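Comments concern the structure below.
The values are calculated or read from the model by the stated rules, or taken from the named source; none is laboratory data. Source: prediction; values computed, not measured. Every residue, glycine as well, gets a Cβ built from its backbone with ideal geometry; the counts of neighbours run over all protein chains shown. Each accessible area value is taken on the protein alone, full model and side chains, heavy atoms only, with ligands, DNA and RNA left out. Shrake-Rupley method; radii C 1.70, N 1.55, O 1.52, S 1.80 Å.
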Amino acid sequence: MVRPSRAPAATLCQTGGVDPISLIALAAILVVGLVLLGLLDRRPKPPKGAYPTTRDANDPAPTGSTAVLDRDEKTDVAVVEPVAPAAPAEPEIVEPEAPATPALDRPEPAGSRLARLRARLVKSNNIFGKGLLALLSRDTIDDDVWDEVEETLLMADLGTEPTMELVDRLRERVTVEGTRSPEQVRTLLREELAAMVDPSMDRRLAATRKDGRPAVMMVVGVNGVGKTTTVGKIARVLVAEERQVVLGAADTFRAAAAEQLATWGARVGVDTVKSDQDGADPASVAFEAVRVGIEQESDVVIIDTAGRLQNKSNLMDELGKIKRVVEKQAEVDEVLLVLDATTGQNGLTQAKVFAEVVDITGIVLTKLDGTAKGGIVVAIQRQLGVPVKLIGLGEGADDLAPFDAEGFVDALLEP
Ligand SMILES: Nc1nc2c(ncn2[C@@H]2O[C@H](COP(=O)(O)OP(=O)(O)OP(=O)(O)O)[C@@H](O)[C@H]2O)c(=O)[nH]1
């Protein structure tokens, strides 16, 4: 009898189906794989619209500024990201727009200033010049006329000694030269006055780098003569000459002075070193200003100082101290004494005391637009033996002119 052949189960499995053990193993691998995939999928996703991991200069700028990437993920990115970053055209962060930088002033070159300001000099001093011309144009010049000439010169603050000298010179020439036309009188006066003002004096400002460091300029004087204003105006003169300037606000006594100076500087792109502390040590502000000037390789550092009465010895000593402290780093090349021309002979007393404390190298005569006392130029130069280098002829930013002896005398004698 033939029994139907029945393949054992194992044989069936091997030949026609899958081994159950393999099936279980396969299922287990699948499960483990799926679990792993699921775990991997839980890694934090990059924020939408974030940069690719690498980017070079040729890549289009991504949406948003680098500030996005710089931020910690914990920061409120939502605030800075667009709601729907579809196309990366718009910046994601709009930085608060910096206020537009105000255009810098273009100060007037120094050379053209006296010509422009001449009218003010003529206007304020015409009594002086015209008075002299009228007197010397008289047919007869007797002793009375000479007395009047003398008086006119004294009124103009020329000073006693220079007045006597000038009258003697004029008398001599009038006697020798005889009859005079108005033109001759003018020429005579021009020559003699110019000689008194001394065109040979060196009136250049020390504003050039020397021995690899900036020139250092200090500005001194009594209260209210126009020091801070003058420092600001000098900065403009130098900027017009394309020099690099640093200002030092060593007037720490008057609260608003440092701000006032910084405003002058900012208008022409010049840095001002100042202290935030009222009453700070002026010597250390000055020292710091010079340090900054050296570091910035600037051409000149100009230091404004507080107004001080010449009879306050402690304040005058302070001035000496500022200079000494500054000189630990760099020599002070220029000490400008600012004098208010309207105070006339009073300025002479001030000048004397200041000169004893610091070596004055030049005079700035301010407010010459408001006085007929132009003769003070001669008096002050004689007194100190230092030249008037600049004259102030108004409150405008460029109303400060280099002093020029001949131009000055011409303006006094303008018809
Ligand atoms: N008319 C005229 N006014 C001037 C001139 N120079 C300066 N001033 C004015 O004088 C006043 C005093 O000027 P400041 O620069 O503040 O004087 P300061 O010497 O620094 O004053 P203190 O710091 O208090 O000692 C201001 O109103 C200036 O505008 C000038 O040449 N002509």
Q. If we scan segment 387-410, do we find a residue that is open to solvent by 20 Å² or more (accessible area, probe 1.4 Å), touching a strand residue (DSSP E or B) at 6+ places or on another chain (Cβ under 8 Å) and over 30 Å from ASP105 (Cα atoms)?
A. no
Q) Got a number for residues in segment 306-331 being open to solvent by 60 Å² or more (accessible area, probe 1.4 Å) and aliphatic (A, V, I, L, M)? A) 1
Q. Given GLU183, GLU172, which one is under 29 Å from GLY111 (Cβ atoms) and among the acidic types (Asp, Glu)?
A. GLU183
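Quick check: is even one residue across segment 189-204 in contact with a Pro (Cβ under 8 Å, 6 or more places away or on another chain), under 29 Å from ALA266 (Cβ atoms) and either in the same structural domain as VAL149 (by TED's automatic domain parsing) or modelled with pLDDT of 95 or more (or both)?
Quick first cut of segment 189-204, residues in contact with a Pro (Cβ under 8 Å, 6 or more places away or on another chain) only: 196, 198, 201-203.
Still in the list and also under 29 Å from ALA266 (Cβ atoms): 203.
Now drop any that are not either in the same structural domain as VAL149 (by TED's automatic domain parsing) or modelled with pLDDT of 95 or more (or both), which leaves 203.
There is at least one residue in segment 189-204 that is in contact with a Pro (Cβ under 8 Å, 6 or more places away or on another chain), under 29 Å from ALA266 (Cβ atoms) and either in the same structural domain as VAL149 (by TED's automatic domain parsing) or modelled with pLDDT of 95 or more (or both).
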Q: Among the candidates ILE391, ILE322, single out the residue that is of a type outside the set (Phe, Trp, Tyr), closer than 28 Å to ARG267 by Cα and part of a helix (DSSP H, G or I).
A: ILE322
Q) Which residues, taken from segment 332-359, are part of a loop (DSSP other than H, G, I, E, B), in contact (Cβ under 8 Å) with a residue 60 or more places away in the chain and open to solvent by 10 Å² or more (accessible area, probe 1.4 Å)? A) VAL332, ASP333, GLN345
Q | Among the residues listed as GLU356, GLU318, the single one being modelled with pLDDT under 95 and either within 15 Å of the ligand (Cβ to nearest atom) or under 15 Å from ALA283 (Cβ atoms) (or both) | A | GLU318
Q. What number goes with the only condition from (1) in a loop (DSSP other than H, G, I, E, B); (2) over 21 Å from ARG116 (Cα atoms); (3) within 15 Å of the ligand (Cβ to nearest atom) that GLY396 does not pass?
A. (2)
Q. From the list LEU170, LEU188, LEU153, which residue is open to solvent by less than 10 Å² (accessible area, probe 1.4 Å) and either in contact with a His (Cβ under 7 Å, 6 or more places away or on another chain) or under 21 Å from SER124 (Cα atoms) (or both)?
A. LEU153
